[in-house]
Amino acid sequence: MFIFVKLRDWAPLALAALLIAASFLLPDGDEAALPASAGAPGGLPTLIIDAGHGGEDGGASTAGGALESAINLAVAQKLDALAGLFGVETVLTRDSEAIDYPAEAETTAQRKRADQSARLKLINSVPDGVLISIHQNFYPDSRPAGPQVFYADTEDSRALAELTHANLLSALSPESRRVAAPASEDIYLMREARCTAILAECGFLSNPTEAALLGSDGYQMRIAAVLLASYLQFFTQGELTAT
Ligand SMILES: [Zn+2]
């Protein structure tokens with residue numbers, strides 16, 4: 001029974017990974033039979049990874065002072081590395097805690113605006129992109145916990161968010177009753193990005209137990225693995241199961 005439960009929980013993710021692995025094992029001739037779509041080699045859209053905050057904007061922080069921006073970047077870099085293993089093209093909106101601000105941006109607010117607008121320009125310049133923005137949640141009460149995925153009002157965003165959210169809950173927080181939800185209008189990148197776009201709040205820095213997990217390499221890797229598996233599952237299921 002234990003094995004059955006474990007298998008059931010991980011089945012969608014394992015299936016996605018296996019389908020992708022199988023596609024790499026096909027001889028060249030058979031691979032050509034897979035329906036191709038525009039964009040990155042292999043027909044997959046370019047994965048745009050946005051590590052939320054950075055530079056002068058640390059985002060939320062744990063009681064111990066660990067910054068959201070650093071955790072977001074650590075998850076983003078793990079996601080980028082895993083994506084590379086699967087041949088998925090990636091674009092990162094930042095790859096460092098330091099951000100180069102334009103000289104004319106003098107105040108913190110101006111610098112943050114300049115950074116957000118540079119990220120949006122990059123995101124909207126990718127011809128066939130899918131945006132995953134990585135954040136950590138915070139609430140004044142220390143009890144709330146668990147991931148939650150939000151979606152933009154663009155094609156496929158809601159479906160990708162619901163799949164990713166279900167996978168995150170299944171893998172990391174099965175007792176959570178949260179659901180995927182539309183991104184608030186005041187989240188600039190979610191409002192202005194033209195591509196499929198989701199924002200993953202991976203967990204609550206205000207919950208001490210979850211904050212400790214979110215700061216660990218192992219848990220960050222699990223989050224990254226679920227994000228990538230969800231992306232692969234979403235963008236390959238129609239193609240690979242058809243062969
Ligand atoms: Zn944030």
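The values are calculated or read from the model by the stated rules, or taken from the named source; none is laboratory data. Note that the structure is a prediction, hence the values are computed from the model and not measured. In this analysis, Cβ positions are derived from the backbone assuming ideal geometry, glycine residues included, and neighbour counts consider all displayed protein chains.
A few comments on the model shown:
- Condition check for R94: outside any loop (DSSP other than H, G, I, E, B), touching a Lys or Arg at 6+ places or on another chain (Cβ under 8 Å), within 16 Å of the ligand (Cβ to nearest atom) and closer than 22 Å to Y231 by Cα: no
- A63 vs. criteria assigned to a loop (DSSP other than H, G, I, E, B), more than 22 Å from L120 (Cα to Cα) and away from the ligand (no atom under 13 Å from the Cβ): yes
- Check on T196, in contact with a Pro (Cβ under 8 Å, 6 or more places away or on another chain) and away from the ligand (no atom under 12 Å from the Cβ): yes
- Residue within segment 95-110 that is closer than 23 Å to G203 by Cα and of a type outside the set (D, E) present: yes
- Test: residue in segment 147-170 that is within 16 Å of the ligand (Cβ to nearest atom), touching a residue at least 24 places away in the same chain (Cβ under 8 Å) and among the basic types (K, R): no
- Of all residues in segment 74-85, at least one satisfies being modelled with pLDDT of 95 or more, of a type in the set (G, A, S) and within 13 Å of the ligand (Cβ to nearest atom).
- Tally, over segment 170-187, of residues that are assigned to a helix (DSSP H, G or I) and either within 14 Å of the chain's Cα centre (by Cα) or within 14 Å of I134 (Cα to Cα) (or both): 0
- Matching residues in segment 45-76 - criterion: being of a type in the set (G, A, S) and in contact with a Lys or Arg (Cβ under 6 Å, 6 or more places away or on another chain): A51, G54
- Hits in segment 45-69 (condition: touching a strand residue (DSSP E or B) at 6+ places or on another chain (Cβ under 9 Å) and either of a type in the set (G, A, S) or modelled with pLDDT under 95 (or both)): A51, G52, G58, G59, A60, S61, S69
- Enumeration of residues in segment 130-146 that are part of a loop (DSSP other than H, G, I, E, B) and away from the ligand (no atom under 12 Å from the Cβ): Y139, P140, D141, S142, R143, P144, A145, G146
- Contacts under 7 angstrom Cβ, first residue in segment 53-73 being farther than 15 Å from P140 by Cα, partner of a type in the set (D, E) and in a helix (DSSP H, G or I), 6 or more apart: H53/E68; G55/D115; G58/E68
- Some residue of segment 96-116 being closer than 30 Å to G218 by Cα, buried (at least 18 other Cβ atoms within 10 Å of the Cβ) and of a type in the set (K, R): no
- Being in a loop (DSSP other than H, G, I, E, B), within 17 Å of the chain's Cα centre (by Cα) and at pLDDT 95 or above is a property that does not hold for R119.
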